[in-house]
1. How do 100-109, 322-331 rank on mean C-beta neighbours within 10 Å, highest first?
2. Testing the spin-label approximation: label points 7 Å from Cα along Cα→Cβ at Glu348 and His325. State their distance in nm.
3. Which order results if Met1, Met88 are arranged by neighbouring Cβ count within 10 Å, fewest first?
4. Going by C-beta contacts inside 10 Å, put Ser369, Ser451, Ser2 in order with the fewest on the left.
5. Which length gain, in nm to one decimal place, applies between Ala449 and Lys262 when the Cα-Cα distance is subtracted from 0.36 nm times their residue separation?
6. Given R₀ = 41 Å, FRET efficiency for Val404-Ser185 by Cβ-Cβ distance, to 0.05?
7. Could you tell me whether the range 98-238 comes out rounded, prolate or oblate from its Cα gyration tensor? Rule is a ≥ b ≥ c as square roots of the eigenvalues, rounded for a/c under 1.5, then prolate if a/b exceeds b/c, otherwise oblate.
8. Can you give me the Cα centroid spacing of the range 111-174 and the range 210-284 in angstrom?
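Here, each number is a calculation from the coordinates, and none is a lab measurement. Since the structure is predicted, the reported quantities are computational estimates derived from the model, not experimental observations. Ideal geometry is used to build each Cβ from the backbone, glycine not excepted, and the neighbour counts take in all protein chains shown.
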Amino acid sequence: MSTTLIRDAIVVTMDERIGDLQRGSVLIENDRIAAVAPDIAAPEGAEVIEGAGMLAMPGFVNAHIHTWQTALRGIAADWTIAQYLRAMHAGLAGHFRPDDIRVANYFGALNQIASGTTTIADWCHNNPTPDHTDAAIDGLTDAGIRAVFLHGSPKPDPKPGQKHFSQVPMPAGEVHRLRGGRLASDDALVTLGLAILGPQLSVWDVCDADFRLARDLDLTASMHVSGKLLTEDGFERLAALGLLGPRINVVHGNVLDDDRLKLLVDHDVSFTLTPEVELQMGFGDPLTTRLRKIGGRLSLGSDIESSMAGDMFAVTRVALQAARHADNLVSLHDRGSCPDSITVPSREALRWSTIEGARMLGLDDRIGSLSPGKQADIVLLDSRKLNMHPVVDPAASILFHAGVVNVDTVLIAGRPRKRGGELVDAPQPAELAALARSGRRILDDFAKAQS
C-alpha cells in the first residue's frame, strides 16, 4: 500500500462536516483520502509532502469543455455564435483526422491538470468515426486526467442524400461498444456519458431516442440550450415520459423562460454555465441569479478551447462577479442603491467549480471535496507567492488572488501529476510541435476547401 501525508497546509475541504483547517493534514492511502485532521502523525514509510505555505483544496471540476479544439486556440476569440457554428462545426471540424483529436485532447487535458483542474466533462461532438472517438479517449487516458467522455455527434452541413444532423440520433451501436468495452467501468479515471442534441437541436424522435439511450445505460446526458428549440415542447414531453432527472444536464439555458426553467429544476435537472462564452456570444444573462432563486443545481465550465483559456480560477471568478453584478443592477433599479450585503458569497461560487461539478457528473460520492473515503484528487496552491500571500479568507484567496501560477502540486487518484510547479513527465518541445502542426494543417485544409 502506498501512503502519502500532506502536512501542515491550510486545508479547504469543501466538506461542510469538516470545514477549513488553518493548519491541517491529509492522509492518502493508495488512491483515496484516509483522513483529514489538524495533526496526523506520518505512518512508517509514508511519503510526506510538506504543506507549510501551501493551501490544499479539491481539484477543480471543469463541467463543460470542448477539448478537441485545443490546436485552434484563439481563432474564435472574436466570433459570435453564428460565426462559430458556421466556421467551426460546418467547416473546420470536418478536417480533423483522428490523430488531431488525440493530440488536442492530450494537450488540452495536460493544460487542465497544470491549471489545477483534476476532472473534466469532455464534450466531444467532433467524432464522426469510431477511430475519432477512440483517439479522443486515448488523449485523455494518456494525459492521466479524470474525465467523463461525453460522446457527441458532429454537425456538418448535409451532403446530397444525407439527413440533417438534427434528424440523426446518437449512434447506439457505438455507445454500446464503448459501454461494453473500454469505458465499461464507472470506477475508472475515464468514464462514459452522452453529449446529446436535445430539444434545441433535434427533432422529437431523435430527442426521445437519445434520452432513452441515456436512461437505459444509466449515463449522464448533457445538451446545449442557447437558442430557439427545434422541438418546442420537447422538455414538457420528456418530463411526461419520466425521462428528466439528475443525470440530465443543460448547458447555458439563458433563453429558457421561467416556467420551463422551473420545470427542469423541479425534475432535478442540472445546469452548467460557461459565463465567458455566454457573455461574448450573446446568449443573454447567465442563469446564475434565476437558478439560485428557485434552488437549481449549478456548475461551471470553460467551454471552447478555441476561444477561452480553460482556467477555472478565472471562470469561477467571472461567474461570481457576473452574478453579483446582476443582483446589484436589480437592487439599483428597485431601491436606488446597492444591496446592503453581498448577495453571492465566495465560498458558494467555489462550490460551483468543485463539489457541484462533481454532482453534475454523478461523481460527488467520489470527488469534489477532501472527504475521507473519496478519491485523492487534490491541488496544492503555493500561498507564499506575492499574488496570494497572506491568506486571510481561504475561499476568497482561491477565487480572487490565486491563479494558475500558484498551482504547485496536483494529485489525481493519489498519483502526482504536477510537482513543484512542473508537470510530471511534461511534454518535450518536439511533442508540443505536433499540436501546432495539427492546427496549421486543419486551417490549411479548410482554406483549400474554401478556394
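1. Details: 100-109: 26.2, 322-331: 16.7.
Result, highest mean first: 100-109, 322-331.
2. Between Glu348 and His325, the label points sit 1.8 nm apart.
3. On the way: Met1 6, Met88 22.
Result, fewest neighbours first: Met1, Met88.
4. Values: Ser369 22, Ser451 5, Ser2 12.
Lowest to highest Cβ neighbour count: Ser451, Ser2, Ser369.
5. Details: separation 187, 0.36 × 187 = 67.32 nm, distance 4.54 nm.
Once the chain is fully extended between Ala449 and Lys262, it gains 62.8 nm.
6. On the way: r = 31 Å, r/R0 = 0.76.
Computed FRET efficiency for Val404 and Ser185: 0.85.
7. Details: a/c = 1.77, a/b = 1.60, b/c = 1.11.
Judged from the Cα gyration tensor, the range 98-238 comes out prolate (a/c at least 1.5, a/b above b/c).
8. Between the Cα centre of the range 111-174 and that of the range 210-284, the gap is 19 Å.
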